[in-house]
Amino acid sequence: GSDDIIAGNVSKYTVLPAGYCGQPKKGHLIFDACFESGNLGRVDNITDFEYDLFIRPDTCNPRFRVWFNFTVENVKESQ
């Protein structure tokens, strides 16, 4: 569930639609937080335009999630 502990950052994680097979296309977003101060732990695809993002807790206090830092690549124009 959403209360699961998220241990690390996503690293060049390509989100593909459910049931899709094959190489990623333009619009299949690539999320990355594998850099200093990155803190994106999980990405769930809802639709081509909606994603649930799970931010990792702060390092020094796991009760707080007060900031976010990640990149998104491979976006198509209408997205």
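What follows draws every value from the coordinates through simple rules; no lab data is involved. Quantities reported herein were computed from a predicted structural model and do not represent experimental measurements. Methodologically, a virtual Cβ is constructed for each residue, glycine included, from the backbone with ideal geometry; neighbour enumeration extends over all protein chains shown.
Key figures for this structure:
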read-out	value
Answer residue from segment 9-25, given it is of a type in the set (A, V, I, L, M, F, W, C) and touching a strand residue (DSSP E or B) at 6+ places or on another chain (Cβ under 8 Å) and is farthest from Glu50 (Cα to Cα) among those	Val10
Criterion (touching a Phe, Trp or Tyr at 6+ places or on another chain (Cβ under 6 Å) and surrounded by 15 or more Cβ atoms within 10 Å (Cβ to Cβ)) met by exactly one of Arg56, Arg42	Arg42
